Amino acid sequence: MNPALNVRVWRGTAEGEFQQFEVPRHPSQTVLDVVTHIQRALDPTLAYRFACRVGMCGSCAMTVNGVARWTCRTHVDKVAKEGRLEIAPLRNLPVIRDLVADMREFFDKWARAKGQFKGASSRKTDFIRVQPDSEARRRADAAIECIGCGVCYASCEVVERNREYLGPAALNRAWTLLNDARDVANAGRLRAIAGDAGCHACHTQMGCTEHCPKKLSPTAGIAGLKRAVARAAFRGEL
Amino acid sequence: MNARTETLLWVAQRMSAAVLAICVVVHLVTMTYAIRGGLSAAEILSRTQGSVGWLAFYTLFVVAVTVHVPIGLRAVFSEWLGWQGRYRDAVLFLFALSLAVLGMRAVLGVFR
């Protein structure tokens, strides 16, 4: 094992530069371990974001050697080329400082895509029974494990070109709700996710699907939304 | 433009793409087959003139192009040039019209 890693870390906001650090190598070291070492031992002014460290919270995503990744579950061994790492904030989002991206527009778009669950039952109504092997349940299952890390959003070339585009994560969320038998807001949701800023902007380049750390396929969900929206348009429900 | 219209544009582009996929193959295969023995323009015209089948096929081809190309350009203008709004759509409508007129002029030219 090499004695040290050569790490370049983005410092600044939209304007800034990479700063070089030498970080000792350890077995099973993650990229988040590297960033944490820099902040705790080399430069306490470095800003970055993390919480759970086990791939659940979705807060530690960064651009590592040019690719958006969840850093807590990314082993240095797998991504460091010749002992070199370049760590930058997520693309397609404003930078607050150093490695911290401003996630507001990302989550605002979840709200614009009507990503909130809206049920109609109360404590007096009976449970809606969802068969685990029903088609809708299986479709929702395939998309439900999103942790909101923003890796798909940072990897999407349509987001880069079309700033109004809702993006893969918000549309994936809408897709799970569309397949939720308990939700009653799908008419408005389909209106919200249709058109030039919605599912129809997707070019099926699959950057989101290729890079999603949870191995989800927002592209498949978006294709499903396109079909659902087309059906609604023909029925005059859009 | 509202969500319904944008959705129908998307559907129209997908449907015209399916038609074009067939039309382009038929067009290329026919062209390659027709000229393999050194066919002259006069001989080609003798086959197309008065042929309702070819008239129908190439009319369908022109209609598919007229629908497909402007909708695709609409996205290209938007994403590459940041050009959106009614003025863009009006220009593309005129472009579609010119595709239809020029295309049908060519189709009728080899039919008559």
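Rule-based calculations on the coordinates, nothing more; no lab input. Just so we're clear, the structure is a prediction, and the values are computed from it rather than from any experiment. As a convention, Cβ positions derive from the backbone with ideal geometry for all residues, glycine included, and neighbour counts pool all protein chains shown.
Observations, loosely collected:
- Amide H partners (placed H, <5 Å) of A:GLN19, local residues excluded: A:VAL9, A:TRP10, A:ARG11
- Between the residues A:ALA113, A:VAL95, A:PRO213, the greatest Cα displacement towards the positive end of the dipole of segment A:84-238, with unit charges on the Cβ of Lys, Arg, Asp and Glu, is found for A:ALA113.
- Here the relative contact order of chain A, from alpha carbon pairs under 8 Å that lie six or more residues apart, stands at 17 percent.
- Note on B:ILE35/B:SER98: beta-carbon distance plugged into 1/(1 + (r/R0)^6) with R0 of 35 Å gives a FRET efficiency of 0.75.
- For segment A:173-225 versus segment A:1-79, the spacing of their alpha-carbon centroids is 31 Å.
- Computed from backbone phi with θ = phi - 60° and the Karplus coefficients 6.51, -1.76 and 1.60, the 3J(HN,Hα) list for segment B:55-69 is 4, 5, 4, 6, 5, 4, 4, 5, 4, 4, 5, 4, 7, 6, 5 Hz; x is used for glycine and proline.
- Our summary gives segment A:1-91 a relative contact order of 32 percent, counting only alpha carbon pairs under 8 angstrom and 6 or more residues apart.
- As a proxy for reagent exposure, A:SER155, B:SER46, A:SER59 were ordered by neighbouring Cβ count within 10 angstrom, fewest first; the result is B:SER46, A:SER59, A:SER155.
- Per DSSP, loop trypsin sites (Lys or Arg not before Pro) in segment B:22-86 with at most 11 further Cβ within 10 Å: B:ARG36
- Unit charges at the beta carbon, dipole of chain B: most positive-side option, B:GLY38, B:GLY72, B:GLN13: B:GLY38
- Taken over the C-alpha atoms, the protein assembly as shown has Rg and Dmax values of 26.5, 85 angstrom.
- Between the alpha-carbon centres of segment B:1-58 and segment B:92-112 there is a gap of 13 Å.
- Relative exposure of A:GLU135, A:GLU157, judged by other C-beta atoms within 10 Å (fewest first): A:GLU135, A:GLU157
- Counts of other chain beta carbons within 10 angstrom of each beta carbon in peptide B:88-94 average 0.
- Dipole moment magnitude, nearest 20 debye, segment A:106-162 about Cα centre, only Lys, Arg, Asp, Glu C-beta charged: 400 debye
- Inter-chain Cβ neighbour count for A:225-234, averaged per residue, equals 3 (cutoff 10 Å, partner chain atoms only).
- Binning the C-alpha pair distances of segment A:94-238 at 10 Å intervals from 0 yields a P(r) profile of 12, 41, 33, 12, 3, 0 %, listed from the shortest bin outward.
- Here A:SER28 and A:ALA136 are evaluated by their C-beta separation; at R0 = 30 Å the FRET efficiency comes out at 0.15.
- Relative contact order for segment A:31-170, counting Cα pairs under 8 Å that sit 6 or more residues apart, in percent: 24 percent
- Taking other Cβ atoms within 10 Å as a rough exposure proxy, A:LYS78, A:LYS226, A:LYS118 sort from fewest to most as A:LYS78, A:LYS118, A:LYS226.
- Remark: segment A:204-216, residue by residue, has Karplus-estimated 3J(HN,Hα) of 6, 7, 6, x, 4, 5, 5, 9, 4, x, 8, 6, 7 Hz, where x stands for each Gly or Pro and the curve is 6.51 cos²θ - 1.76 cosθ + 1.60 at θ = phi - 60°.
- Dipole magnitude of the protein assembly as shown, debye to nearest 20 (Cβ charges: Lys/Arg +1, Asp/Glu -1, about Cα centre): 940 debye
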